[in-house]
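The values are calculated or read from the model by the stated rules, or taken from the named source; none is laboratory data. Being a predicted model, the structure only gives us computed values, none of them experimental. So basically every Cβ, Gly included, is an ideal-geometry build from the backbone, and we count neighbours across all protein chains shown.
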Amino acid sequence: MRILIVHCHPDPHSFNAGLTTLAASTLRAQGHDVEISDLYADGFDPVEGPAHYPLRAQADAFSPLTEQRHASETGRLPTDVQREIARLERAELVIFQFPLWWHAQPAMLKGWMDRVFVYGGLYTSRRRYDEGYFRGRRALCSVTTGGPTTTFGQGGRGGNIDWLLWPIHYSLYYMGFDVLPPFLAHGIQGGGPTYQNSERFAAQLEDDKARWVQRLAGLDEDRPLPFTGWDDWDEHGALKPGVEGFDPFIQSGTGGWVANRERYLQGQERRQPD
Ligand SMILES: Cc1cc2nc3c(=O)[nH]c(=O)nc-3n(C[C@H](O)[C@H](O)[C@H](O)COP(=O)(O)O)c2cc1C
């Protein structure tokens, strides 16, 4: 399988860098073809703006959507964006490796998405969600957090990690990917203050790495996260009557999404509209 790792961390000696190196060596040993897009090392510019479009469709105002579509149609996308798209197009699986920063992905990765997921080229009003450009390919977020595991569970102060990651997961689904459940390593404090003594922390890091290797070995068994799709929405873009969502962000309001998600996770078909 051809696999791309989009690596987002400024320090080559970080735990995140360790997870990327480990993933690359593990997957290569399994016979996969692995490419790495190292956003900081490559000096990727994550800020979308006029500087990337010397030959503009519109001179008097800067509309990112208009300029992205125009550059795509005229073959003038910025070279770094073309490089990233080519990497994505080669990959059957894309792994995103990043730390949780302010309850989301770092700005570098968000900006990569702003610039690389090109309007007009990779998505249009119809070519998105389950009809998206990358349909048939899979994506997986591997995320480290500073907060320990308990702070991301039921009632945890860090916030429900499934919902914190919903925006990036939904954006990947928007682009057509089948999004696999995330790999999570909690309580990673890097070179900074730790929640525990160094010996216990070192042992935990080794456990996390072993879990990552195990997860990578079983990728074929992973079932994508559930989302609603075009067949579920009416002409106004809202759920059709009787259709339940799978999460708090797109739901009918009856609370049926909880049971619907549970059914999906248990491997059963979703509840059909009445
Ligand atoms: C700008 C910034 C924001 C952060 N925000 C969060 C956060 O919202 N939740 C959390 O659990 N950890 C947060 N952290 C801690 C990082 O997630 C943690 O340092 C990282 O996962 C450790 O991995 P590393 O050693 O590879 O950097 C933040 C760290 C930074 C630098």
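Key figures for this structure:
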| item | result |
| --- | --- |
| Matching residues in segment 147-173 - criterion: being in a helix (DSSP H, G or I) and either within 12 Å of the ligand (Cβ to nearest atom) or of a type in the set (Gly, Ala, Ser) (or both) | Thr149, Thr150, Thr151, Phe152, Ile161, Leu164, Ser171 |
| Qualifying position, being within 16 Å of the ligand (Cβ to nearest atom), of a type in the set (A, V, I, L, M, F, W, C) and in the same structural domain as Gly158 (by TED's automatic domain parsing), among Leu93, Leu109, Leu55, Leu122 | Leu109 |
| Enumeration of residues in segment 1-23 that are in a loop (DSSP other than H, G, I, E, B), within 12 Å of the ligand (Cβ to nearest atom) and either of a type outside the set (Ser, Thr, Tyr) or more than 21 Å from Glu206 (Cβ to Cβ) (or both) | Cys8, His9, Pro10, Asp11, Pro12, His13 |
| Check on Ala29, at pLDDT 95 or above, within 16 Å of the ligand (Cβ to nearest atom) and either more than 22 Å from Thr145 (Cα to Cα) or among the aliphatic types (A, V, I, L, M) (or both) | no |
| Identity of the residue in segment 133-146, among the polar types (S, T, N, Q) and closer than 17 Å to Leu180 by Cα, that ends up nearest to the ligand (Cβ to nearest atom) | Thr144 |
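Table: residues versus (1) in contact with a helix residue (DSSP H, G or I) (Cβ under 9 Å, 6 or more places away or on another chain); (2) touching a residue at least 40 places away in the same chain (Cβ under 8 Å); (3) of a type in the set (D, E, K, R); (4) surrounded by 17 or more Cβ atoms within 10 Å (Cβ to Cβ).
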site: Arg2; (1), (2), (3), (4): yes, yes, yes, no
site: His7; (1), (2), (3), (4): yes, yes, no, yes
site: Phe15; (1), (2), (3), (4): yes, yes, no, yes
site: Leu19; (1), (2), (3), (4): yes, yes, no, yes
site: Ser25; (1), (2), (3), (4): no, no, no, no
site: Asp45; (1), (2), (3), (4): yes, yes, yes, yes
site: Ala51; (1), (2), (3), (4): no, no, no, no
